[in-house]
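Q: Below is one structure. I have some questions about it.
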Amino acid sequence: QVQLVESGGGLVQPGGSLRLSCAASGRIFGMYVMGWLRQAPGKQRELVARINSAGTTNVADSVKGRFTISRDSAENTVYLQMSSLKPEDTAVYYCHAAVDSYGRGSLLNYWGNGTLVTVSS
């Protein structure tokens, strides 16, 4: 089993910044993709950003230029630096990881419990 623990959410004013962290622990042979998705009230969960083991990133157009994803592979941790935050960024942010636990090439998806980001004056 793999556990994902998120931190860094909270209340911030428009134009402000926050940094989210997600640390993975447990049975991890290989961590292939780590990323962040978000779900705003009344909306579907959407991809925010993800990064693979090679360091290649995908960032949603809605946050491109404002959010940056990075990872510390040695610590199995992924970060989301959020800047120039807007009220429409308000959502629960979920960490995701695709993990090979046994070295057999079979990946399982894991999710964190979510951390609330509220952008409001």
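The values are calculated or read from the model by the stated rules, or taken from the named source; none is laboratory data. Predicted model only: the values in this text are computed from it and were never measured. With ideal geometry, Cβ positions are generated from the backbone for all residues, glycine too; neighbour counts draw on all protein chains shown. With ligands, DNA and RNA removed, areas are computed over all heavy atoms of the protein, side chains included. Shrake-Rupley method; radii C 1.70, N 1.55, O 1.52, S 1.80 Å.
Q: Just the accessible area per residue of the stretch 1-45, please: how many Å² with a 1.4 Å probe?
A: With all protein chains present, the stretch 1-45 gives 57 Å² per residue.
Q: State to the nearest 20 debye the size of the charge dipole of the stretch 31-100 about its Cα centre, where the only charges are +1 on K and R beta carbons and -1 on D and E beta carbons.
A: Using Cβ point charges on Lys, Arg, Asp and Glu, the stretch 31-100 gives about 220 debye.
Q: I would also like to ask the following. Report the normalised scattering of the chain as log10 I(q)/I(0) at q = 0.10, 0.21 Å⁻¹, calculated by the Debye formula with identical scatterers on the alpha carbons.
A: Normalising to I(0) and taking log10 leaves -0.28, -1.13.
Q: How would I28, I51 rank on accessible area, largest to smallest, probe 1.4 Å?
A: The most accessible residue leads, giving I28, I51.
Q: When the accessible area of the chain is computed with all protein chains present and a 1.4 Å probe, what percentage of it is carbon and sulfur?
A: That fraction is 46 percent.
Q: Further question on the same structure: Using only alpha carbon pairs under 8 Å that are at least six residues apart, calculate the relative contact order of the stretch 10-56 and give it in whole percent.
A: It rounds to 28 percent for the stretch 10-56.
Q: At 7 Å along Cα-to-Cβ for each site, give me the label-to-label distance between T118 and V5 in nm.
A: With each label point 7 Å from Cα toward Cβ, the separation is 2.5 nm.
Q: When Lys and Arg each count +1 and Asp and Glu each count -1, what net charge do the other residues less than 12 Å away from V119, Cβ to Cβ, add up to?
A: Value of the local net charge: +1.
Q: What is the chain's relative contact order, in percent, from Cα pairs under 8 angstrom and six or more apart in sequence?
A: About 36 percent, as a whole number.
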